[in-house]
Amino acid sequence: QVQLVESGGGLVQAGGSLRLSCAASGTIFSINIMGWYRQAPGKQRELVAAITSGGSTNYADSVKGRFTISRDNANNTGYLQMNNLKPEDTAVYYCNADVFSRRWSAPIRYWGQGTQVTVLS
């Protein structure tokens with residue numbers, strides 16, 4: 001079993017910054033893709049950013065140039081640095097990870113419990 005624990009959410013003024021962390025623990029051989037999603041009230045969950053084990057990244061157009069995704073493979077931890085935050089970034093942010101529990105097993109996608117980010121105008 002694998003657990004993902006997010007931290008770093010909170011309340012911030014527009015233009016401010018936050019850094020989210022996602023720590024994976026449990027039976028982990030390796031992690032392929034790690035990603036961050038968000039869900040605002042009344043809206044569908046959407047991809048914010050993703051990063052492969054090799055460091056290739058992908059961002060939603062709405063956050064390009066403001067958010068940076070990174071990871072520490074040795075510690076199975078992912079990060080999302082969010083700068084120049086806007087009120088429309090307000091949402092619950094979830095991390096996920098595609099985890100190989102053993103060398104020859106199929107990857108399983110796990111999700112964190114979510115962390116609230118609120119940006120005041």
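The values are calculated or read from the model by the stated rules, or taken from the named source; none is laboratory data. All of these numbers come straight from a predicted model, not from anything done at the bench. Because the Cβ atoms are built from the backbone with ideal geometry, glycine has one as well, and the counts that use them run over all protein chains shown. Heads up: the accessible areas ignore ligands, DNA and RNA and are worked out on the full protein's heavy atoms, side chains in. Shrake-Rupley method; radii C 1.70, N 1.55, O 1.52, S 1.80 Å.
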request  = Could you list all residues from segment 12-36 that are out of contact with any strand residue (DSSP E or B) (no Cβ under 6 Å at 6 or more places or on another chain) and surrounded by 14 or more Cβ atoms within 10 Å (Cβ to Cβ)?
outcome  = Gly16
query = Looking at segment 66-119, which of the residues that are free of Cβ contacts under 8 Å to residues at least 12 places away in the same chain and either among the basic types (Lys, Arg) or part of a loop (DSSP other than H, G, I, E, B) (or both) is surrounded by the most Cβ atoms within 10 Å (Cβ to Cβ)?
reply = Ala106
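Do we have any residue at all in segment 71-81 that's more than 12 Å from the chain's Cα centre (by Cα) and within 22 Å of Gly10 (Cβ to Cβ)?
For segment 71-81, residues more than 12 Å from the chain's Cα centre (by Cα) and within 22 Å of Gly10 (Cβ to Cβ): present.
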request  = Can you confirm whether segment 37-46 contains a residue that is within 21 Å of Gly65 (Cβ to Cβ) and open to solvent by 40 Å² or more (accessible area, probe 1.4 Å)?
outcome  = yes
ask   = For segment 47-65, which residues satisfy the criterion of being assigned to a strand (DSSP E or B) and open to solvent by 40 Å² or more (accessible area, probe 1.4 Å)?
value = Leu47, Thr57, Asn58, Tyr59
